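**Student:** For reference, the structure I am asking about is given below.
The values are calculated or read from the model by the stated rules, or taken from the named source; none is laboratory data. Since this is a predicted model, take the numbers as computed values, not measurements. We place every Cβ from the backbone using ideal geometry, glycine too, and count neighbours over all the protein chains shown.
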Amino acid sequence: MGVAIIGCGNMGRTHARLLAGFDDVSLRLLVDTDEGAARSLAAEVRAPEAGAEFQRALDDPSVDIVFICTHHHLHAPMCVAAAKAGKDIFCEKPLAIRAEDCAAIAEAVRTAGVRFMTGFQARFSPFFLKLKEVVPRPWLTIAQYIDPRWGEQSWANDPVAGGGNVLSQGCHCFDAVRFLNPSEVVSIYAAGGNYHHPTLPITDAVACTLRFADGAVANLAIGDVGKPALMGKAAYQVFAGETTASLFNYHWNPEIRLWGAEPGRLTVNDLPGCEETDFAHGYTQQMRAVVDWSLKGIEPPNAAKLDDGVRATTLALGAIDAIRTGEVQELNWGQARPE
C-alpha cells in the first residue's frame, strides 16, 4: 500500500515510524511546509521522496492513502482535495475547526466513496477495550483530559490553526466517552470559559454533561488548567451499579482498578503487548487497522470512521456553544449511531 504523510510533526513522525515497520506498506512521500523536516524523517524511515507540496501526493498514482497530520485548519481543504483525487484518508483529530468544515469533509468523502479514518487511537487500546468488556453499558461515565497550561504561542492555542485546548485535545475525551457508551449523545450542557489565556479568543476549560438516548449520562472535565497529580492527564471511570471500572494515568503509566470483577487491578504487565507504549495506547493497532482496511478491505470494528470524527468535533464545538449561550445544546444527528 502506497502511503503519503502530510505533516511531519509529532503525529506524522509517530505514524511514519510505525508504518515503516509493516511489510505491506510503502512510504512513498513525506510532505511538510518545513521541507527539511520532511527530508529528515524520510531519511529515517527510508521513504524515497520528500517535499513541501501537498499536490504531489494527490498526483502520484502510487499513493493509495494520505495521512493528514497538519495543523487543524488545514484538515478540511486537504481532506476534500484528497477525497476528490480518489485517495483513502487518515486524518488526525480534531476533524476540523468549524462545523461547516466537518460537513464539507463528510460530503466530499461520501461522494467519492473513499475510506476515511480519524486518529482516535484510544479505541484500539487494550485498556479501553477492557473497560468496555467489564462495563459494556455504563449508566454514569466520568472522564477528564487535563494538561498543564499551554503557552500563548502554542499553535494548538491559535484560534485559527488550533482552536484551543477544549477543541484541539478535548475531542479525544469526547470520542472516548462515546466509544465507551453504546447509546448516542442527544444533548450537551457545559460551563467554563477562558481562564488564563486573556490574549486569545479560545475556550481553555470546560465542565460538561452529556445525556445519551438510553438515559445514561457522562461528566467530562477538559482543559489546560494544571497537572492532575493523582489521576493523570487522562482518566475514565464507568459505573453500572454492581460493577465499576476506573482507568487512570492513561498517558503516563496506565492502570485499571475494578470493583465487582476480577482481577481488581490491571497494569501494563497484565495486558499482553502493553509493555510497549505505542501498543498500550493503541497506535500500533490503529496503523494495522487502517492498512488492512485500505489495502485488503477488512473493515475495522473499533475505528473512528468519518461520522465518529464529525461527532467528536461536534461535541467539542457544542460544549463551547453551551458555555457561550448558557443553554443546553440538543443534538439531532440526522441518522443512526454509526457502526
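**Student:** Given the conditions (1) assigned to a helix (DSSP H, G or I); (2) in contact with a helix residue (DSSP H, G or I) (Cβ under 8 Å, 6 or more places away or on another chain); (3) of a type in the set (Asp, Glu), and given that Glu299 satisfies all but one, which numbered condition is not satisfied?
**Tutor:** Tallying (1) assigned to a helix (DSSP H, G or I); (2) in contact with a helix residue (DSSP H, G or I) (Cβ under 8 Å, 6 or more places away or on another chain); (3) of a type in the set (Asp, Glu), Glu299 fails exactly one: (1).
**Student:** Would you check if Ile256 is touching a helix residue (DSSP H, G or I) at 6+ places or on another chain (Cβ under 8 Å), in a strand (DSSP E or B) and either assigned by TED's automatic domain parsing to the domain that holds Val135 or touching a residue at least 12 places away in the same chain (Cβ under 8 Å) (or both)?
**Tutor:** For Ile256, the condition - touching a helix residue (DSSP H, G or I) at 6+ places or on another chain (Cβ under 8 Å), in a strand (DSSP E or B) and either assigned by TED's automatic domain parsing to the domain that holds Val135 or touching a residue at least 12 places away in the same chain (Cβ under 8 Å) (or both) - is met.
**Student:** Within the bounds of the stretch 95-102, is there any residue that is β-branched (Val, Ile, Thr), in contact with a His (Cβ under 6 Å, 6 or more places away or on another chain) and either assigned to a helix (DSSP H, G or I) or closer than 15 Å to Val310 by Cβ (or both)?
**Tutor:** Yes, there is a match, as at least one residue in the stretch 95-102 is β-branched (Val, Ile, Thr), in contact with a His (Cβ under 6 Å, 6 or more places away or on another chain) and either assigned to a helix (DSSP H, G or I) or closer than 15 Å to Val310 by Cβ (or both).
**Student:** Something else now. Considering the stretch 88-125 alone, what residues qualify as being charged (D, E, K, R) and in contact (Cβ under 8 Å) with a residue 60 or more places away in the chain?
**Tutor:** Passing the criteria: Asp88, Glu92, Lys93, Arg98, Arg110, Arg115, Arg123.
**Student:** What pairs can you find where one residue is in the stretch 181-206 and touching a residue at least 60 places away in the same chain (Cβ under 8 Å), the other is in a strand (DSSP E or B) and of a type in the set (Ser, Thr, Tyr), and their Cβ atoms are less than 9 Å apart, with a gap of 6+ or different chains?
**Tutor:** Ser187/Thr209; Ile188/Thr209; Tyr189/Thr209; Ala190/Thr209
**Student:** Under the condition of being hydrophobic (A, V, I, L, M, F, W, C) and part of a helix (DSSP H, G or I), which residue from the stretch 37-69 is farthest from Tyr283 (Cα to Cα)? Give the steps one after another, and end with the answer.
**Tutor:** Looking only at the stretch 37-69, we keep the residues that are hydrophobic (A, V, I, L, M, F, W, C), and these are 37-38, 41-43, 45, 47, 50, 52, 54, 57-58, 63, 65-69.
Filter once more, so that each one left must be part of a helix (DSSP H, G or I): 37-38, 41-43, 45, 57-58.
Values: Ala37: 22, Ala38: 21, Leu41: 18, Ala42: 20, Ala43: 22, Val45: 17, Ala57: 23, Leu58: 25 Å.
Filtering the stretch 37-69 for residues that are hydrophobic (A, V, I, L, M, F, W, C) and part of a helix (DSSP H, G or I), the one farthest from Tyr283 (Cα to Cα) comes out as Leu58.
**Student:** Okay, next question. Given the criterion touching a Lys or Arg at 6+ places or on another chain (Cβ under 6 Å), surrounded by 18 or more Cβ atoms within 10 Å (Cβ to Cβ) and not assigned by TED's automatic domain parsing to the domain that holds Phe279, identify the matching residue among Asp88, Asp101, Asp64.
**Tutor:** Asp88
**Student:** Please tell me if Ala4 is crowded, with 17+ Cβ neighbours inside 10 Å and part of a helix (DSSP H, G or I).
**Tutor:** The answer is no for Ala4.
**Student:** Residue check: is Asp321 under 23 Å from Tyr145 (Cβ atoms), among the acidic types (Asp, Glu) and without any contact (Cβ under 8 Å) to a residue 12 or more places away in the chain?
**Tutor:** yes
**Student:** Only residues that are within 15 Å of Gln286 (Cβ to Cβ) and touching a strand residue (DSSP E or B) at 6+ places or on another chain (Cβ under 7 Å): list them for the stretch 2-19, please.
**Tutor:** Residues satisfying the conditions are Val3, Ile5, Gly12, His15, Ala16, Leu19.
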